[in-house]
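The values are calculated or read from the model by the stated rules, or taken from the named source; none is laboratory data. As the structure is a prediction and not an experimental result, all values here were calculated from the model. All Cβ positions, even for glycine, are placed from backbone atoms using ideal geometry, and neighbour counts span all protein chains on display.
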Amino acid sequence: MNLLQDKNVIITGATRGIGKGIAQVFAKNGANVAFTYNSSVEAANELEKELQSYGVKAKGYQSNAADFNAAQDFVANVLKEFGSVDVLINNAGITKDNLLMRMSEADFDKVIEINLKSVFNLTKAVIRPMMKQRKGSIINMSSVVGVKGNAGQANYAASKAGILGFTKSVALELGSRNIRCNAIAPGFIETEMTAKLDENTVNEWRKAIPLKRGGKPEDIANACVFLASDMSDYITGQTLNVDGGMLT
Ligand code: NAP
């Protein structure tokens, strides 16, 4: 059964890692995918072709999620080309880790803009069309770090915790219009983002996870399929930890 047959889905930041995994699993489940990226033009073209090979409509857009006007233009283009937006997945995110003593103002601002303000930008752009169709699912990518904090990631933790407050507020505001808004808090998912970490740290993390492995992008994608599909029609305002038991 294709759980997402003919749903039009926006995914921000899908040229690598978790976003790419979501795009692939969604296309295999019958969803049409409009995705964004920041600078990886070649990876975007390749992904576009791969998704189309699953028999769905797919298009990549170079669009900075942190830029309010760019986000409005991007969603307007998707509406023109896809006809509607059924699901928004706010996935784009970056890290600029440092101990607070050494963290610059620019690195704080950048992480908040790309990780948190982007969620506001895209959500603002989709809620009007979703309200008109009286249905929509918004999924925001938070992190275990947003739930419990992490030394060396004050900027990132603040952005991801901010997403949780935003998610619950949107759920409360738009529930009466049948727009659902949930967050996913991935644990340690092995992607290019985490490949920057040193191998000893990574091994320690793996050992500390109850399921004894890092997550895969597909682990997050599968949770997104559930929250995007009609299977979760009565679930809103929640944070789903997809972390191998890390926060247990
Ligand atoms: P990643 O491999 O670094 O990929 C990030 C993606 O976001 C890329 O496609 C990148 O596009 C895009 N992007 C970056 N800045 C953007 C911007 N300003 N506008 C639009 N797109 C932008 O990251 P990931 O590990 O897959 O993480 C994806 C999300 O999950 C992030 O929100 C992250 O915080 C969250 N998360 C990850 C983990 C983990 O363990 N990996 C754990 C918890 C939460 P370009 O290729 O063009 O740069």
statement: Checking Gly30, Gly55 in turn, the sole residue that is out of contact with any Cys (no Cβ under 9 Å at 6 or more places or on another chain) and either within 23 Å of Lys216 (Cβ to Cβ) or among the polar types (S, T, N, Q) (or both) turns out to be Gly30
message: Take Leu211 and tell me if it is within 12 Å of the ligand (Cβ to nearest atom) and part of a loop (DSSP other than H, G, I, E, B).
response: no
Residue in the range 71-88 that is under 25 Å from Ala158 (Cβ atoms), within 13 Å of the ligand (Cβ to nearest atom) and modelled with pLDDT of 95 or more present: yes
- prompt: Is it fair to say Ala65 is crowded, with 24+ Cβ neighbours inside 10 Å and within 13 Å of the ligand (Cβ to nearest atom)?
  reply: yes
task: Filter the range 8-48 down to residues that are of a type in the set (S, T, N, Q), in contact (Cβ under 8 Å) with a residue 60 or more places away in the chain, farther than 17 Å from Gly136 by Cα and within 13 Å of the ligand (Cβ to nearest atom), then give me how many there are.
output: 1
message: Among the residues of the range 187-200, are any closer than 25 Å to Gly13 by Cα, among the aromatic types (Phe, Trp, Tyr) and in a loop (DSSP other than H, G, I, E, B)?
response: yes
query: Is it true that Thr201 is within 18 Å of Asn150 (Cβ to Cβ), exposed (fewer than 15 other Cβ atoms within 10 Å of the Cβ) and either of a type in the set (Gly, Ala, Ser) or out of contact with any His (no Cβ under 8 Å at 6 or more places or on another chain) (or both)?
result: yes
- prompt: Here is a list of conditions, (1) part of a helix (DSSP H, G or I); (2) of a type outside the set (Phe, Trp, Tyr); (3) within 16 Å of the ligand (Cβ to nearest atom); (4) touching a residue at least 60 places away in the same chain (Cβ under 8 Å), and Met231 meets all of them except one; can you say which number that is?
  reply: (3)
- prompt: What are the pairs, 6+ residues apart or on separate chains, where a residue within the range 185-199 that is at pLDDT 90 or above has its Cβ under 7 Å from a residue that is surrounded by 14 or more Cβ atoms within 10 Å (Cβ to Cβ) and polar (S, T, N, Q)?
  reply: Ala185/Ser142; Ala185/Ser143; Ala185/Thr239; Ala185/Asn241; Pro186/Ser143; Phe188/Thr194
message: Looking at the range 170-182, can you tell me whether even one residue there is surrounded by fewer than 14 Cβ atoms within 10 Å (Cβ to Cβ) and among the acidic types (Asp, Glu)?
response: yes
field: Top-ranked residue in the range 135-157 [being away from the ligand (no atom under 14 Å from the Cβ) and out of contact with any Lys or Arg (no Cβ under 6 Å at 6 or more places or on another chain); ranked as nearest to Ile10 (Cα to Cα)]
entry: Ile138
- request: Quick one: in the range 92-114, of everything that is surrounded by 15 or more Cβ atoms within 10 Å (Cβ to Cβ) and of a type in the set (S, T, N, Q), which residue is nearest to the ligand (Cβ to nearest atom)?
  value: Thr95
statement: When the range 102-153 is checked residue by residue, the ones that are of a type in the set (S, T, N, Q) and either assigned to a helix (DSSP H, G or I) or in contact with a Gly (Cβ under 7 Å, 6 or more places away or on another chain) (or both) are Asn115, Ser118, Asn121, Thr123, Gln133
Members of the range 193-245 found to be touching a Gly at 6+ places or on another chain (Cβ under 8 Å) and among the aliphatic types (A, V, I, L, M), listed by number: Met193, Val202, Ile209, Leu211, Ile220, Ala221, Val242
statement: Going through the range 191-208 in order, the residues found to be more than 11 Å from the ligand (Cβ to nearest atom) and of a type in the set (Lys, Arg) are Arg206, Lys207
